Amino acid sequence: MKFRNLEAVRAIVKEATGLDITYAYDDLVFPEHMAFLIQFDDSNDKNLFCFFHVDCNPNDKKDLYSRMTEVSSENNYSLVNKGIFNLSQKGEDVEIRFRR
């Protein structure tokens, strides 16, 4: 099983946005309000991917990404904006769709 430093991501998100992590599953980390999510990079432990919700306000997106990039760097992580995501309910399951 691949080690993923959830505590480091939790600290970065909290410092940069004031948001708590509400859920983590496999390589995905879901903060409060779901304006964005973080994905661990399995090929580089110090690299994180960021996806913004399709409905995230462009100005908020810019501010969030700027602050998270800064805090990530201060903690020896890199953050890459990988695109957008959308959630949809499929019965009792949730489907996540990613787009670049």
Where in region 10-79 are there strands (runs of 3 or more DSSP E), lying wholly inside it, with at least 3 residues that are open to solvent by less than 50 Å² (accessible area, probe 1.4 Å) and closer than 17 Å to F98 by Cβ? 28-31, 36-40, 47-53
Of the residues in region 80-100 that are loosely packed, with under 10 Cβ neighbours inside 10 Å and among the basic types (K, R), the one that is nearest to N5 (Cα to Cα) is R100
Hey, D45 of a type in the set (D, E) and under 26 Å from V94 (Cα atoms) or not: no
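The values are calculated or read from the model by the stated rules, or taken from the named source; none is laboratory data. Quick caveat, the model's predicted, so the values are computed rather than measured. Don't worry about glycine lacking a Cβ; one is built from the backbone with ideal geometry, like all the others, and counts go over all protein chains shown. Please note that ligands, DNA and RNA were not included when accessible areas were found on the heavy atoms of the full protein model with its side chains. Shrake-Rupley method; radii C 1.70, N 1.55, O 1.52, S 1.80 Å.
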